[in-house]
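The values are calculated or read from the model by the stated rules, or taken from the named source; none is laboratory data. Computed from a predicted structure; not experimentally measured. With ideal geometry, Cβ positions are generated from the backbone for all residues, glycine too; neighbour counts draw on all protein chains shown. SASA here: full protein model, heavy atoms, side chains in, ligands and nucleic acids out. Shrake-Rupley method; radii C 1.70, N 1.55, O 1.52, S 1.80 Å.
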Amino acid sequence: MQIKIEPAEHCRGALSVPGDKSISHRAIILASLTEEVVGIEGFLDAEDPRSTLVCMQALGVKIEQQGTLIRVHGAGINGLREPSTILDAGNSGTTARLLTGLLAGRPFYAVLTGDSSLRMRPMARVTEPLKRMGACIDGRESGRLLPLSIRGGGLTPLVFHSPVASAQVKSAVLLAALQAGGRTEITEPGISRDHTERMLQHFGVPLRWGKQGEIILEGPVKSLKAEQVRVPGDISSAAFFLVAGALAPAGELLIHEVGLNPTRTGLLDVLDRMGAQITILNQQENNGEPVGDILVRGGKRLVGVDITAEMIPRLIDEIPVLAVAAAFARGTTRIEGAGELRVKESDRLHVLSQELGKLGAQIEELPDGLTIQGSRAISGGSVSSHGDHRIAMALAVAGLFAEKETIIDGVESVQVSFPGFFDRLKDITR
Ligand code: S3P
């Protein structure tokens, strides 16, 4: 499916964005491990979290959905059942990796697969530590790629130094550690998003941190305490509107109830350094997650910045739209230490340089980053999302400020994280 984006003169109005994708996955999984009914409000009703929901149903959990409202009838950790069908994670790396961790502890057999993009993404980062804990996992290339077959149970704890700052890896090991007999410790080279840790605590799991910052979990944990969850708006979805609002020649945009977890707000720090006019209002906390409204004003030229390796985990999913901000900024933006982007839903470093280049941006692909020479104007043109939701949305933001119209192919991919994205974009530029 294609969409045409016309140049916009302003971005203005108020909107909310769909629920946080990372929190929605975790809410379904952890609620399933309680032994009561858990209500989830503000669930992201999109393809990725739905993959997790359907997989948990296949594991015997009763889950009712009415749009963004969910009722999970927790089965308890020991209540999960051997699935009679292959579990399909679709396009969702979070589903695949977190469920591999959960299934590593269950004494039954399960097979997990995904779509053609997910079947190319690295799984050894989770299967390797989980095998060390005692799970029997096999798959293509000895368990490096989906489909994976898992026969879990009988786990021993692990002292795990993750080679990558990845919340999916950390969460997979934490879900296995819940089921292992003894003390698991986890460290990572940079701090990745901590939604799993926060939600485990919300559900009564006594997680702690050691002197070196290692996460400590004593297993086995018998059951999780049922608590309601209210999912905040996804800052990674708000990101497209924050950049659009900052790049707009005029106007003011207010985005309601966005998650402001400090492990996710790198984008706000970078936009601030680029000179964007952003204000946070109405800060509060919901189920252990900080939330607030974000106001962004246009009418000011941004400036290029350096984005270095240690900043990457806090803005990993926002690089596509930050590259768009950089394409219009004064001066050069250098992004380094972002090699992880090559193993996302697409090779985002390659795809960004190729597709933003087609629109007239001056962008150079580096082995682990990008160099972007900002300019006042880019031409517009015809581009492809390469089946990647965040590339589709970033290109749409670029198209708003191009000289001519932009045609984007493969926009059905936005269903993965943000159904309704293009309607919201139309509303704010009307
Ligand atoms: C996610 C973690 C990140 C992020 C992804 C969602 C999560 O991936 O890019 O969109 O929900 O845990 P990595 O763990 O691979 O960095």
Discussion item. Counting only helical runs of four or more DSSP H residues, what would the 222 nm mean residue ellipticity of the chain come to if each run contributes -39,500 (n - 2.57) and the total is spread over all its residues?
Written reply: -9000 deg cm²/dmol
Worksheet item: Quick one: putting +1 on the C-beta of Lys and Arg, -1 on the C-beta of Asp and Glu, what dipole do you get for the chain around its Cα centre, in Debye to the nearest 20?
Response: 480
Worksheet item: In percent, how large is the relative contact order of the range 21-230, given Cα pairs closer than 8 Å and 6 or more residues apart?
Response: 21
Worksheet item: What ranking do 86-98, 168-180 get when scored by the average of other Cβ atoms within 10 Å per residue, highest first?
Response: 168-180, 86-98
Response to the item:
Quick note, the range 189-335: a/c under 1.5 would make it rounded; otherwise a/b > b/c is prolate and the rest oblate (a ≥ b ≥ c, C-alpha gyration tensor); here it is oblate
Worksheet entry | Compactness of the chain as Cα Rg over 2.2 N^0.38 Å, two decimals | 0.96
Practice prompt. Give me Rg over Rh for the range 150-274, both radii from the alpha carbons and Rh done the Kirkwood way, two decimal places.
Written response: 1.08
Response to the item:
Env charge @ ILE428, Cβ radius under 14 Å, K,R +1 / D,E -1, value 0
Worksheet item: Which of THR156, GLY357, LEU370 sits farthest toward the positive end of the charge dipole of the chain, with +1 on the Cβ of Lys and Arg and -1 on the Cβ of Asp and Glu?
Response: THR156
Worksheet, complete the sentence: For ARG183, other-chain or 5+-apart residues with amide H closer than 5 Å (H placed, Pro excluded) are GLY219
Discussion item. Taking 0.36 nm per residue of sequence separation and subtracting the Cα-Cα distance, how much length would be gained by fully extending the chain between ASP138 and LYS300, in nm to one decimal?
Written reply: 53.0 nm
Practice prompt. Using the Karplus curve 6.51 cos²θ - 1.76 cosθ + 1.60 with θ = phi - 60°, work out ³J(HN,Hα) for each residue of the range 199-216 in order, rounded to whole Hz, and write x for Gly and Pro.
Written response: 6, 4, 5, 4, 8, x, 7, x, 8, 9, 10, x, 5, 8, x, 6, 7, 10
Item to complete: Taking the Cα centre of the range 21-230 as origin, work out the dipole magnitude from +1 charges on Lys and Arg Cβ and -1 charges on Asp and Glu Cβ, in debye rounded to 20.
Response: 320
Worksheet item: Heavy-atom accessible area per residue, the range 1-130, 1.4 Å probe: how many Å²?
Response: 36
Worksheet entry | P(r) tail fraction, the range 21-230 - alpha-carbon pairs more than 30 Å apart, % | 12
Fill in: In Hz, Karplus ³J(HN,Hα) per residue of the range 291-296 (6.51, -1.76, 1.60; θ = phi - 60°; x = Gly, Pro)
9, x, 8, 10, 10, 10
Practice prompt. Could you calculate the contour length gain from ALA14 to LEU69, that is, 0.36 nm times the residue separation minus the distance between their Cα atoms, to one decimal place in nm?
Written response: 17.5 nm
Worksheet item: Among the lysines, which fall within straight-line cross-link reach of LYS344, defined as a Cα-Cα distance under 16 Å, with same-chain neighbours fewer than 8 residues apart omitted?
Response: LYS21
Response to the item:
Taking R0 as 30 Å and r as the Cβ-Cβ distance between ARG81 and VAL37, the FRET efficiency 1/(1 + (r/R0)^6), rounded to the nearest 0.05, comes to 0.95
